[in-house]
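Participant: Let me give you the structure first, and then I'll get to my questions.
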Amino acid sequence: MILATSACSIGSNGRTCLLDWKQRYRKVVRIILKDQPLPSGRIQSTQQHDPGLRRPRKTRAVRAMNRIPIFVISLIMSAAISQAVGQAKPPGPTSESALAADKELAHAIRDNDPGAILRMLDNSWAVISTSGGVGEGPSIFPDGIKSGDLTRKTFAIAEPRVRLYGDVALVTTRVSTSGTFQSKPFDVTERQTDVWLWKGGMWKCILTHETKIRDN
């Protein structure tokens, strides 16, 4: 192989190539391989090339894959992903989700929202009042709100204490609430414990126990 600034000359088995003057100072490389030039910019020795070698033919599987449209592959991948997502296990009960449910119930009570309250209470829900009375059924608060007997002005929780026992969670908070009950105003502070049951992939409150905190 002979490199030159203007031309390269090769023996009787080769050929002479002129330098392309449009591209400045480009070196010309020609390999004596039965007049088969390499692509521009690639240099390969004759020892590494065997004219007798042939590129392996593509297998039938490879040729078949090449014929599959891209959108078909995309559909197959989408179906596989959807199946994997569908088989994913739903999140189980946690202390964090139990406290979040308790806060959601508190917001519903504060907003006097009967529908939201009912969604958070189980059908077996009961409340133990500060006076020791027992109220049965999830419609106690919603019915009182609808009738106008019970209207909350404030309902705030603080100092949460959460304990998780499998599918059951105990959430104890300090509650400050005010409003009117049967046209009489009230403003009390309580220590309240809500018992939550993980049921159908969500928390349901099954018991509320209220204890009044006396003023010092």
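Coordinate-derived values only; no laboratory data. Note that the structure is predicted; figures quoted are calculated from it, not measured.
Participant: So which of LYS146/LYS212; LYS184/LYS212; LYS153/LYS184; LYS146/LYS184; LYS103/LYS153 end up more than 23 Å apart by C-alpha?
Facilitator: LYS146/LYS212
Participant: Please list, in order along region 167-172, the HN-Hα scalar couplings obtained from phi with the Karplus expression 6.51 cos²θ - 1.76 cosθ + 1.60 (θ = phi - 60°), rounded to whole Hz, x for Gly and Pro.
Facilitator: Ordered by residue, 3J(HN,Hα) equals 8, 10, 10, 10, 10, 10 Hz.
Participant: Can you give me the pair-distance distribution of region 93-193, C-alpha pairs, 5 Å bins, whole percents?
Facilitator: Taking every Cα pair in region 93-193, the percentages come to 2, 12, 19, 28, 23, 10, 4, 1, 0.
Participant: Could I ask something else about it? May I ask you to evaluate 6.51 cos²θ - 1.76 cosθ + 1.60, the Karplus curve with θ = phi - 60°, for each residue of region 132-146 and list the ³J(HN,Hα) values in order in whole Hz, giving x for glycine and proline?
Facilitator: x, x, 10, x, 9, x, x, 8, 4, 5, x, 5, x, 5, 5
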